[in-house]
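A short write-up of the structure that comes next.
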Amino acid sequence: MSHELTLLPGDGIGPEVTEATVQVIEAAGVDIVWDRHRVIGATAVERGRPALPPDVVESIQERGTALKGPVTTPVGKGFTSVNVQLRQRLDLYANVRPATSLEGLDTPFDDVDLIIFRENTEGLYSGIEYFDDRLDIADSIARVTRRGSERIIRFCFEYAREHGRDHVTLAHKANILKKTSGLFLDIGNDVAADYPEIEYDDRIIDNLCMQLVTNPERYDCIVSTNLFGDILSDLTAGLVGGLGVTPGANIGDELAVFEAVHGSAPDIAGQNVANPTAMIRTAVMMLQHIGEPDAAAAIEGALFEMYREGDVLTRDVGGNASTSEFADALADRVAHHVEA
Ligand code: ATP
């Protein structure tokens, strides 16, 4: 079966890890016609276009699914994050970010298997910010809605039910943020009652961070508002080998954009040293989503073998292979898996 999908290589390390990922998907024999859009973010703004050009949005709306590399967001000034804009415009309300130990990687824990479910369209990322020049005061509105909270919490419980996971933890700061975090927690308590077979508890965000760096094996599904979810997913990435190996997906009721947790990593861009594993595992999630479970399993199996053997790995995980050397070795192995 042939698929028509949108491909957004992004910038920074985006094009390198995306190219590696497309090579590996091809080796798995999946027939994909990519609609590629390279002009996005700063590249678009330099050409006098909006940071998120309308043709990018239309392409995803028409095709339903996209694979996306990171797009750099200027810090403190300049255009609104393209990543955030895209999630809001396409109503991709569920940001799913698994953190799973990879056998063969030397990390402080070897039995982590948890998923962060981050609300992706509101909270402190609503984009409602004000600056009063006269008084030098900056305000940011953390808008939390009943609809927005209920759908991400329900998404998390439904996912847990479908995937045989048995524990949901809701992360909040309802002791201080009594209205916003308080609403999220109240809704969580109500929704949890509809899933009696799933163990449910809540944790105050700062306490949860401490628990996660001491006993991460105890956690399974963690659901939270936008900012907490963003921070938690970098933290949990760190528990399992870092941003180079952790995948992610932005899912709505109609559309999905698959995107790794990491950003554009300008410090290593263009050097052929970035680890494409996060993006490749992101593509595995995408292949499962579009109904290509065999290709997803072949890629994942080959990837796990490479890590177990440890001969060809990128430098962020202790090896000395380049991005393209890693991609070539993995693509060869995937092709063997598919043939076998
Ligand atoms: P953003 O805020 O855009 O999500 P970030 O703060 O998460 O970005 P990144 O751009 O992801 O930051 O980079 C953080 C650090 O992780 C950098 O030092 C970078 O070198 C490293 N890093 C990120 N992705 C990778 C990767 N795929 N391979 C190797 N190192 C990576």
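In plain terms, if you count all Cα to Cα distances in region 108-239 and split them into 5 Å steps from zero, the share in each step is 2, 10, 20, 22, 19, 13, 6, 4, 2, 1, 0, 0 percent. Helical runs assigned H by DSSP (4 residues or longer) give the chain a calculated mean residue ellipticity at 222 nm of -12500 deg cm²/dmol, each run adding -39500 (n - 2.57) before division by the residue total. When peptides 264-274, 7-17 are sorted by average Cβ neighbour count within 10 Å, with the highest value leading, the order is 7-17, 264-274. Compare the Cα positions of GLY14, SER81, PRO108 along the charge dipole of region 1-154 (+1 at Cβ of Lys, Arg; -1 at Cβ of Asp, Glu; about the Cα centre) and return the one farthest towards the positive end. The residue sitting farthest along the positive end of the dipole is SER81. What's the Cα-based Rg to Rh of the chain, Rh via Kirkwood? With Rh from the inverse mean 1/r over Cα pairs, Rg/Rh is 0.96. Charging the Cβ of each Asp and Glu at -1 and of each Lys and Arg at +1, and nothing else, the dipole of the chain about its Cα centre rounds to 1120 debye. In this simple spin-label model, placing a label point 7 Å from the Cα along the Cα-to-Cβ direction at both GLU309 and SER324 gives a separation of 2.1 nm. Of the solvent-accessible surface of region 108-239, computed with a 1.4 Å probe over protein heavy atoms with every protein chain present, carbon and sulfur atoms account for 51 percent.
Under 12 Å from the Cα of LYS178, which aspartates and glutamates turn up, not counting those fewer than eight places away in the same chain? Correct list for LYS178: ASP186. Report ³J(HN,Hα) in whole Hz for each residue of region 17-31, in order, from the Karplus equation J = 6.51 cos²θ - 1.76 cosθ + 1.60 where θ = phi - 60°; Gly and Pro get x. Per-residue couplings from phi come out as 6, 5, 4, 4, 5, 4, 4, 6, 5, 4, 4, 7, x, 7, 8 Hz. Given +1 at the Cβ of Lys and Arg, -1 at the Cβ of Asp and Glu and no other charges, the dipole of region 108-239 around its Cα centre is 420 debye to the nearest 20.
Computed on region 1-100, the Cα convex hull volume stands at 129 Å³ per residue. Think of a 1.4 Å ball rolled over the protein heavy atoms: the chain then has 45 Å² of accessible area per residue. Please list, in chain and number order, the residues 5+ apart from LEU313 or on another chain whose amide H is under 5 Å from its amide H, with Hs placed from the backbone. Result for LEU313 returns ASN320, ALA321. Could you tell me whether region 201-256 comes out rounded, prolate or oblate from its Cα gyration tensor? Rule is a ≥ b ≥ c as square roots of the eigenvalues, rounded for a/c under 1.5, then prolate if a/b exceeds b/c, otherwise oblate. In terms of gyration-tensor shape, oblate. The residue list GLY64, MET285, THR180 was ranked by how far each Cα lies along the charge dipole of the chain toward its positive end, using unit charges on Cβ atoms, and THR180 comes out on top.
The values are calculated or read from the model by the stated rules, or taken from the named source; none is laboratory data. What you are looking at is a predicted structure, and each value in this text was computed from that prediction instead of being measured. FYI the Cβ positions are ideal-geometry reconstructions off the backbone, even for glycines, and counts take in every protein chain you see. Please note that ligands, DNA and RNA were not included when accessible areas were found on the heavy atoms of the full protein model with its side chains. Shrake-Rupley method; radii C 1.70, N 1.55, O 1.52, S 1.80 Å.
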